[in-house]
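Below is one structure, written out as structure tokens; the observations come after it.
The values are calculated or read from the model by the stated rules, or taken from the named source; none is laboratory data. It should be emphasised that the depicted structure is a prediction, and the values quoted were computed from it without experimental measurement. Cβ atoms come from the backbone with ideal geometry, glycine included; neighbour counts cover every protein chain shown. What goes into the accessible areas is simple: the full protein's heavy atoms, side chains included, and nothing from ligands, DNA or RNA. Shrake-Rupley method; radii C 1.70, N 1.55, O 1.52, S 1.80 Å.
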Amino acid sequence: MNPFSEIEQIDFSKLNGLVPAVIQDNSTQKVLMVGFMNKEALKKTQETGKVTFFSRTKNRLWTKGEESGNFLNVVSMLVDCDNDTLLIKANPVGPVCHTGADTCFFETNKESGIGFLSYLQDFIDKRKQEMPEGSYTTSLFKEGTSKISQKVGEEAVETIIGAMANDDENFIYEAGDLVYHLIVLLSHKGYRIDDVVKELQKRHS
């Protein structure tokens, strides 16, 4: 899918050639910052895949991260119902705010709640790609489907034992091990935890 396919009709006339651009973290959904774009900034963003604004103070194009290296890599771009505001979902490289904060609204930009599972799989996928020595996850990937599947089975049994013993602390601990090893197995097989979510949503509907 072309991340820029829905922005061709954006209206730059209302703010003297500028439109607000709201930048949202593609993973955490946190709003990172708000800037302004003119046609040239939008074009450069499309061409480079890195968010570029028009700086009203410097009166020039400004690519976020051009000095710090903390770029905003574009995932998708959407225009609002009035065709005069952009929503850009991006993957940030490092903190976004010039103060060093994660966001310009001083929020901590980390996955929380159920969204942490996607963050965890990103970490596991990175282990699969880099295969660092000494990593337990690396050792699982090296041993392959049989070993990983065995660990999922073992942790499932341990989770059941914790539940049957009414040992809530151990039950939750073992459930965590079960989910972790299941995600490793999903990554090994080329799937995401999101694929499981889609399957459950399909059943629910």
Selected residue (only one of THR99, THR48, THR57 is surrounded by 13 or more Cβ atoms within 10 Å (Cβ to Cβ) and not aliphatic (A, V, I, L, M)): THR48
Of residues in segment 145-166 being free of Cβ contacts under 8 Å to residues at least 24 places away in the same chain and open to solvent by less than 70 Å² (accessible area, probe 1.4 Å), the one farthest from LYS126 (Cα to Cα): ALA165
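Which of the residues spanning segment 175-205 are assigned to a helix (DSSP H, G or I), without any contact (Cβ under 8 Å) to a residue 24 or more places away in the chain, within 18 Å of the chain's Cα centre (by Cα) and exposed (fewer than 14 other Cβ atoms within 10 Å of the Cβ)?
We begin by selecting, within segment 175-205, every residue assigned to a helix (DSSP H, G or I); these are 175-188, 193-204.
So of that shortlist, the ones also without any contact (Cβ under 8 Å) to a residue 24 or more places away in the chain come out as 175-177, 195-204.
Add one more test, that the residue is within 18 Å of the chain's Cα centre (by Cα), and what stays is 195-198.
Of everything in segment 175-205, those that are assigned to a helix (DSSP H, G or I), without any contact (Cβ under 8 Å) to a residue 24 or more places away in the chain, within 18 Å of the chain's Cα centre (by Cα) and exposed (fewer than 14 other Cβ atoms within 10 Å of the Cβ) turn out to be ASP195, VAL197, LYS198.
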Criterion (within 16 Å of ARG127 (Cα to Cα) and hydrophobic (A, V, I, L, M, F, W, C)) met by exactly one of LEU178, LEU182: LEU182
Among residues of segment 103-122, those that are under 14 Å from ILE183 (Cβ atoms) and either modelled with pLDDT under 90 or open to solvent by 50 Å² or more (accessible area, probe 1.4 Å) (or both), counted: 7
Residue in segment 125-142 that is open to solvent by less than 60 Å² (accessible area, probe 1.4 Å), under 19 Å from VAL74 (Cα atoms) and either free of Cβ contacts under 8 Å to residues at least 24 places away in the same chain or among the charged types (D, E, K, R) (or both) present: no
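Filtering segment 14-45 down to residues that are hydrophobic (A, V, I, L, M, F, W, C) and over 17 Å from LEU78 (Cβ atoms), which residue is surrounded by the most Cβ atoms within 10 Å (Cβ to Cβ)?
First pass over segment 14-45, keeping only residues hydrophobic (A, V, I, L, M, F, W, C): 15, 18-19, 21-23, 31-34, 36-37, 41-42.
Filter once more, keeping what is over 17 Å from LEU78 (Cβ atoms): 15, 18.
Working: LEU15: 13, LEU18: 19.
So the residue we want is LEU18.
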